[in-house]
Amino acid sequence: MAEQPMVKIQGLNSFYGKGHERKQVLRNVSLTLSPGEVLGIVGESGSGKSTLAKCILGVVKEVEGALEVNAFRPQMVFQDPYGSLNPAKSVGWFLEEPLRVLGIKDKKERRQQAVDMLRQVGLGEEHYARRPSQLSGGQRQRVAIAAALIGGSRLIVLDEPVSALDVTMQAQILQLLVDLKAKFHLSYLFISHDLAVVYQICDRVAVMYQGEIVEQGDVDTIYDHPQHDYTKKLLQASLALEE
Amino acid sequence: MMLQVEHLKITFPHATGHFEAVKDFSLTVEEGQVIGIVGESGSGKSMTAHAIMGLLERKHIQVSGSIRFQGVELLELTRSQLRAYQGKELSIIFQEPMTSLNPTMKIGVQVEEALRIHTKMNAKERKARALEAMALAGLPNGEALYHQYPHQLSGGMRQRVMIAAALVLRPRLLIADEPTTALDVTIQAQILDTLKEIKRKEGIAILFISHDLGVIRALCHHVVVMQQGEIVEAGPIEQVFHHPQQEYTQRLIASRPTRTKLKAGGSHG
């Protein structure tokens, strides 16, 4: 049996608003994500990349076209871990929430799973009782990743997960994502505006511009032979800061 | 020289005594110079910038050493004396323009704020100067934006509005605290070009703070590398970028993404 794709999208259109205000945000988007694959979605603010992510997660329901997601509870990790962690709750509470939803009633077991997951993301038991304000930005992002994984999800949508971090922290989080992917056989949809970051972690990349995928393919091919003007511009902006 | 910082030390009260955010920082900025300060979160770079701007709360935070601007010791000024410099001779722009712009006030009013505080210009003169500053900041359609609100603008345009507001009184020194970090790479490149253009036209000195040496390199002549409140390395940007002396600087450069694939277990192997 051939492996079923994690995500299969064909001719997806999505709209915001109604009547005259109705605006098309996704135009005829088609893509496939295989198990164990990392697909990068690049594009500038407003290109529709986050809307695409929300469609895959089932948050945006106003869609036309075929959308097939064969993953149990796909999860999302956001850019800003300040915004996604409740400041009033401890790390432990946050990690155990998905377990409570899954019906694990035994407190001890939940705690054990939470601590195990903290170790997987490079933190430890000492972080269990901490609040988000007592963590660094990188540590907060590790907690967000742990929370995405703890419920057993194998499909993770990462929306600019390292954009708010220092370069040194970025490198550490990217390495962690690569390690976790190998360990748990994860698939990532990696949304970013930074082609240099995308290169490091993605197998394939789709370039979005004004709601459309203007080109997609193997990362090396796109980087070496960009076809669309927007991709060329993006590569220039990215590489102008290099070397 | 325009700005001379000597032995700057910034201390916070902390549960376990005192925390020295900046230990011993000295820096000279000449007219028209563009200097970068690079370091990780917590290295003290923003704290230093805020101290120069006089934005640290004096009640709890101790600032010692010397900050001389155009020959005047800023640390000895009262708050009202300091206000004569803030936004006029010295200006600052921050990382996140959405939090530094007031969401309930029109763009024009916000760009003109410093003019209302520091000058006796009438409304017409203020508007004319605001539109000039907006054009300089890369917003040629200032007239159209004048009556809009921050949420109607993109992130890049909001940062340009902040730059216009910071430049409206033609300051001699602009402190830019991670002004492009929250922006897309293409917009980031455009904003850096605009800052270069402003430097060329106005001869303004810029103190540019970033965690990214690549961004600093696109704009600055000199760079100061900070780690845990201290300067660990300083020099002309090309020299520091190509021949970093300190391990920390080497690490900052090596962390920049390059065209290599990460492999599982790579951090340990």
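The values are calculated or read from the model by the stated rules, or taken from the named source; none is laboratory data. Keep in mind it's a predicted model, so treat the numbers as computed, not measured. All Cβ positions, even for glycine, are placed from backbone atoms using ideal geometry, and neighbour counts span all protein chains on display.
A compact table of results
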| quantity | calculated |
| --- | --- |
| Residue in region A:99-141 that is surrounded by the fewest Cβ atoms within 10 Å (Cβ to Cβ), counting only those that are polar (S, T, N, Q) and within 24 Å of A:Asp80 (Cα to Cα) | A:Ser133 |
| Which numbered condition A:Ala66 misses (of (1) modelled with pLDDT under 95; (2) in contact with a helix residue (DSSP H, G or I) (Cβ under 6 Å, 6 or more places away or on another chain); (3) part of a strand (DSSP E or B)) | (2) |
| Selection count, region B:1-56, where residues are under 28 Å from B:Lys196 (Cα atoms) and not hydrophobic (A, V, I, L, M, F, W, C) | 20 |
| A:Tyr188 being facing chain B (nearest Cβ under 8 Å), touching a residue at least 12 places away in the same chain (Cβ under 8 Å) and surrounded by 18 or more Cβ atoms within 10 Å (Cβ to Cβ) | no |
| Qualifying residue in region A:216-224 (condition: within 11 Å of chain B (Cβ to nearest Cβ), among the aromatic types (Phe, Trp, Tyr) and more than 30 Å from B:Asp177 (Cβ to Cβ)) | yes |
| Hey, A:Ser45 assigned to a loop (DSSP other than H, G, I, E, B), farther than 23 Å from A:Lys183 by Cα and modelled with pLDDT under 95 or not | yes |
| Residues located in region B:220-252, provided they are crowded, with 20+ Cβ neighbours inside 10 Å and within 22 Å of B:Ala137 (Cα to Cα) | B:Cys220 |
| Residue that is surrounded by the most Cβ atoms within 10 Å (Cβ to Cβ) [pool: residues in region A:208-228 that are modelled with pLDDT under 95 and of a type in the set (Val, Ile, Thr)] | A:Ile222 |
| Test set (1) part of a loop (DSSP other than H, G, I, E, B); (2) crowded, with 20+ Cβ neighbours inside 10 Å; (3) free of Cβ contacts under 8 Å to residues at least 24 places away in the same chain - B:Met121 fails condition number | (2) |
| Tally of residues being under 22 Å from the mean Cα position of the chain (by Cα), over 18 Å from A:Lys181 (Cβ atoms) and of a type in the set (Lys, Arg) across region A:108-147 | 1 |
| Residue within region B:50-72 that is surrounded by 16 or more Cβ atoms within 10 Å (Cβ to Cβ), on the phi > 0 side of the Ramachandran plot and at pLDDT below 95 present | yes |
| Subset of region A:117-152 (residues that are within 16 Å of A:Glu96 (Cα to Cα) and within 14 Å of another protein chain (Cβ to nearest Cβ)) | A:Gln120, A:Val121, A:Arg140, A:Arg142 |
| Which listed residue, of A:Tyr199, A:Tyr230, is under 30 Å from B:Ser41 (Cβ atoms) and among the hydroxyl-bearing types (Ser, Thr, Tyr) | A:Tyr199 |
| Given (1) at pLDDT below 95; (2) of a type in the set (Ser, Thr, Tyr); (3) over 21 Å from A:Ser50 (Cβ atoms), index of the condition A:Ser163 fails | (3) |
| 2 or more residues touching a Phe, Trp or Tyr at 6+ places or on another chain (Cβ under 7 Å) and farther than 22 Å from B:Ile93 by Cα: qualifying strands (runs of 3 or more DSSP E) within region B:205-269 | B:230-236 |
| Among (1) away from chain B (no Cβ under 14 Å); (2) more than 13 Å from A:Asp159 (Cα to Cα); (3) in contact (Cβ under 8 Å) with a residue 60 or more places away in the chain, the one test that A:Leu52 misses | (2) |
| Answer residue from region B:139-156, given it is assigned to a helix (DSSP H, G or I) and surrounded by 15 or more Cβ atoms within 10 Å (Cβ to Cβ) and is farthest from the other protein chains (Cβ to nearest Cβ) among those | B:Gly142 |
| Conditions (1) more than 30 Å from A:Leu186 (Cβ to Cβ); (2) within 13 Å of chain A (Cβ to nearest Cβ); (3) under 15 Å from the mean Cα position of the chain (by Cα): number failed by B:His211 | (1) |
| Matching option when the condition is hydroxyl-bearing (Ser, Thr, Tyr), part of a loop (DSSP other than H, G, I, E, B), surrounded by fewer than 23 Cβ atoms within 10 Å (Cβ to Cβ) and under 16 Å from the mean Cα position of the chain (by Cα), among B:Thr181, B:Thr194 | B:Thr181 |
| Residue that is farthest from the other protein chains (Cβ to nearest Cβ) [pool: residues in region B:1-53 that are outside any strand (DSSP E or B) and of a type in the set (Val, Ile, Thr)] | B:Ile52 |
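Rundown of residues vs (1) modelled with pLDDT of 90 or more; (2) surrounded by 21 or more Cβ atoms within 10 Å (Cβ to Cβ); (3) basic (Lys, Arg), yes/no style:
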site: A:Arg22; (1), (2), (3): no, no, yes
site: A:Ile41; (1), (2), (3): yes, yes, no
site: A:Leu52; (1), (2), (3): yes, yes, no
site: A:Leu57; (1), (2), (3): yes, no, no
site: A:Glu62; (1), (2), (3): no, no, no
site: A:Pro74; (1), (2), (3): yes, yes, no
site: A:Val77; (1), (2), (3): yes, yes, no
site: A:Pro81; (1), (2), (3): no, yes, no
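Quick grid of which residues meet (1) over 16 Å from B:Gly42 (Cα atoms); (2) more than 9 Å from chain A (Cβ to nearest Cβ); (3) modelled with pLDDT of 95 or more:
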| position | (1), (2), (3) |
| --- | --- |
| B:Ala205 | yes, yes, yes |
| B:His221 | yes, yes, no |
| B:Met226 | no, yes, yes |
| B:Phe241 | yes, yes, no |
| B:Tyr248 | no, yes, no |
| B:Pro257 | yes, no, no |
